[in-house]
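*Asks:* This is the structure I want to talk about, given as structure tokens.
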Amino acid sequence: MDQAWIDAFHETGFAKVEGLADDETLAAIKSAISDGLRPPLAPLEYESEVGYPGAPGSLAEAGGRTPRRLLQAFARDRVFRDWGMHPEIVSRLKALFGTERIMLSQNHHNCIMTKNPRFSTRTGWHRDMRYWCFDRSELISVWLAIGPEREENGALQVIPGSHQMKMGRGSYDANLFFREDLDENLALLETAQTVSLEPGDVLFFDALTLHAAGKNMTDQTKYSLVYTYHREDNQPIPETKSARYEDIPLW
Ligand SMILES: O=C(O)CCC(=O)C(=O)O
């Protein structure tokens, strides 16, 4: 890892690493995902539960039981644990956080994202701090592309530098999505970049980086594995959903 990669992360709020997962790792992860989907093994989140625009309205509706996230990835299989503690991921995170004492959260972003071609929905613009309750908003997510990720199958889009921008509560709607009906927000969204990834590529991104992702318009489900990490001295607020399960120390 070079200093330029670290600087790019701090400057833009995200940084890619190409080919971090080798073919053998990807094959093992794909096989474990397949085991988790046929039949779908709990805990999982369905499209009808995310409540995004266009999602099936209930579990009973057509597509309502389409998996959106296989939750608790870390506990599901040894391959997921090995990936979450991959020495290169850990060493990059230590460099980004500037400490040895980092932890992996077993809450929320500890999942396999599944984006189904027929029933998946767009995720609106947001910062991941909408999900988290921590002392400070210093968290980093690590997103592994299991297959190719492109605009047409719902790849991530990011706003470079948005992790450092001050935004008032009024920039967001009731559900903490970035409002797309405000001129100043629309001007910022013009600077969006799509993050195209090849299988095995990884995106590190700051929990304050504004991002979104489209619907999957292809005929293949897209799978991504995502974990979130933090420093030991930045703890989840007790009794919130960020503190529900123990964090895993990585030193
Ligand atoms: O794949 C997607 O739809 C985006 C997921 C996402 O941004 C999130 O869960 O925070």
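The values are calculated or read from the model by the stated rules, or taken from the named source; none is laboratory data. Values in this document were obtained by computation on a predicted structure and should not be read as measured data. Cβ placement follows ideal geometry from the backbone for every residue including glycine, while neighbour counts extend to all protein chains displayed.
*Asks:* Can you tell me which residue in segment 217-227 is surrounded by the fewest Cβ atoms within 10 Å (Cβ to Cβ), limited to those that are more than 25 Å from LEU96 (Cα to Cα) and more than 9 Å from the ligand (Cβ to nearest atom)?
*Replies:* Once the filter is applied, the top-ranked residue is ASP219.
*Asks:* So, one more: Exactly one of these conditions fails for ASP247: (1) more than 25 Å from THR99 (Cβ to Cβ); (2) modelled with pLDDT of 95 or more; (3) more than 15 Å from the chain's Cα centre (by Cα). Give me its number.
*Replies:* (1)
*Asks:* Are there any pairs with C-beta distances below 6 angstrom linking a residue in segment 109-121 that is at negative phi and free of Cβ contacts under 8 Å to residues at least 60 places away in the same chain to a residue that is among the polar types (S, T, N, Q) and near the ligand (Cβ under 8 Å from one of its atoms), with the two at least 6 apart or on different chains, and if so which?
*Replies:* Within 6 Å, no pair qualifies.
*Asks:* Something else: Listed residues GLU45, GLU11; which is in contact (Cβ under 8 Å) with a residue 12 or more places away in the chain, surrounded by fewer than 18 Cβ atoms within 10 Å (Cβ to Cβ) and within 30 Å of LYS166 (Cβ to Cβ)?
*Replies:* None of the other options fit; the residue is GLU11.
*Asks:* Can you confirm whether segment 83-94 contains a residue that is among the acidic types (Asp, Glu), closer than 23 Å to ALA213 by Cα, surrounded by fewer than 20 Cβ atoms within 10 Å (Cβ to Cβ) and more than 17 Å from the chain's Cα centre (by Cα)?
*Replies:* No, segment 83-94 contains no residue that is among the acidic types (Asp, Glu), closer than 23 Å to ALA213 by Cα, surrounded by fewer than 20 Cβ atoms within 10 Å (Cβ to Cβ) and more than 17 Å from the chain's Cα centre (by Cα).
*Asks:* Of all strands (runs of 3 or more DSSP E) completely enclosed by segment 93-133, which ones contain at least 3 residues that are of a type in the set (Gly, Ala, Ser) and more than 15 Å from the ligand (Cβ to nearest atom)? Can you show your working first?
*Replies:* Details: elements: 102-104, 110-115, 123-126.
Fully inside segment 93-133 and qualifying: nothing.
*Asks:* Kindly provide the set of residues from segment 138-196 that are over 25 Å from LYS115 (Cβ atoms), in contact (Cβ under 8 Å) with a residue 24 or more places away in the chain and among the small types (Gly, Ala, Ser), ordered by number.
*Replies:* Selection gives GLY161 alone.
*Asks:* Okay, moving on. So is SER141 of a type in the set (S, T, N, Q), surrounded by 15 or more Cβ atoms within 10 Å (Cβ to Cβ) and not in a strand (DSSP E or B) or not?
*Replies:* In short, no.
*Asks:* Can you find a residue that is over 19 Å from GLN157 (Cβ atoms) and among the small types (Gly, Ala, Ser) anywhere in segment 222-235?
*Replies:* no
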